[in-house]
Amino acid sequence: MKHQAINKTVCVVLIVLAAFFSVSCTQKASEAINIVALKGPTAMGLAQLLTEYGGDEDAEYAFSLESQPELVGPKLLQGECDLAALPANLAATLYNKSEGKIQVIAINTLGVLYLAENGDSIKDVTDLRSKTIYSAGKGATPEIVLRMVLENNGIDPDKDVNLVFVSEHTEVVARMLAEEGSVGHLPEPYLTVASGKNPSIRRAIDLNSAWTDIYGESSPLITGVLVGRKDFLEENKKDVKVFCERYGYSANFAVENIDAAAKMISDLGIFEEIPAKKALPECNIVYIDGEDMKLQLSAYLEALFSVNPQVVGNKIPSDDFYFKP
């Protein structure tokens, strides 16, 4: 009887311990900050952070990738993720759509748009006259940026060039590989992929420089931003502050340690290692927050709004759009 009592006591203790550890694990998992990013440059700056602090069941951050921007918004608004790296104009659209339920924390990628040529005839924007340009950005910021650059260089996008829109950047690459003398509107790292497959494909025009020629250095072309759900940001300011400090270090790591960063980018499934290594110097990865972020992003959104209000959600976001730690 004594042994039975001891055995029962041991069993109770084991059950209690099992329950304790089960609850602890559940709490740990629920405490992980969930991040969604797009495959490509907007996620590349996260590589070092996620390699060091993510990747296992006890990690501080849970990370997932999407291939299409329109898949990220619903996850954010429905609470399936806490933070997201996505296109700057989409952040404004989501803010307007949700009536202010998301905030932008930082700019993570400046311009990554280029015009590439399978040949060597294009030296500046005026050389594009009468050319066919393949692009995958119809109706979105890539098309707007391209049109603005063309118009500001005296070229009518609807008459002086032939804009051919396809569904994906990979199709632009395929068209360029098949057609000598063709012109493609490509972001990095897709341009690097194309030139890797055919050395005749080269970077002809840097649209980022062409944009600043129009709007000045204080209003650069902006590709990606980091955003978060407003309720999450307000309730977790300390954790968000730590994350941002780590993200700033991680973005700088991607710029200064290209070989190591490319390996991390590949291991995380963001992009293949070799093209990532070649493209990183052209991806304009940054970490800009605070007042500088607000000044640059607001100017960029106003420029887009002046051409097509729909691309930023039909109105310029208010000051509440910009997160203040």
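Just so you know, all these numbers are worked out from the coordinates, no wet-lab data involved. Note that the structure is predicted; figures quoted are calculated from it, not measured. Methodologically, a virtual Cβ is constructed for each residue, glycine included, from the backbone with ideal geometry; neighbour enumeration extends over all protein chains shown.
With Cα atoms defining each centre, segment 93-145 and segment 262-325 are spaced 12 Å apart in the structure. Annotation: average projected area of segment 173-230 is 6.0 square nanometres, based on the convex hull of Cα atoms across all directions. Distances between every pair of Cα atoms in segment 98-194, grouped in 10 Å steps from 0 to the bin holding the largest one, split as 15, 45, 27, 10, 3 percent. Extension gain, D239-E52: 0.36 nm per intervening residue step, less the Cα-Cα distance, totals 65.7 nm. The length gained on full extension between D206 and I316, counted as 0.36 nm times the residue separation minus their Cα-Cα distance, comes to 36.9 nm. When S121, S135, S200 are arranged by Cβ crowding within 10 Å, least crowded first, meaning fewest neighbours, the order is S121, S200, S135. Listed by chain and number, the aspartates and glutamates whose C-alpha is less than 13 Å from the C-alpha of K123, apart from same-chain residues fewer than 8 away, are D206. With 23 Å as the limit, the listed pairs K97/K138; K97/K238; K294/K315 have K97/K238 beyond it between alpha carbons.
Mean projected area of the convex hull spanned by the Cα atoms of the chain, taken over all viewing directions: 19.8 nm².
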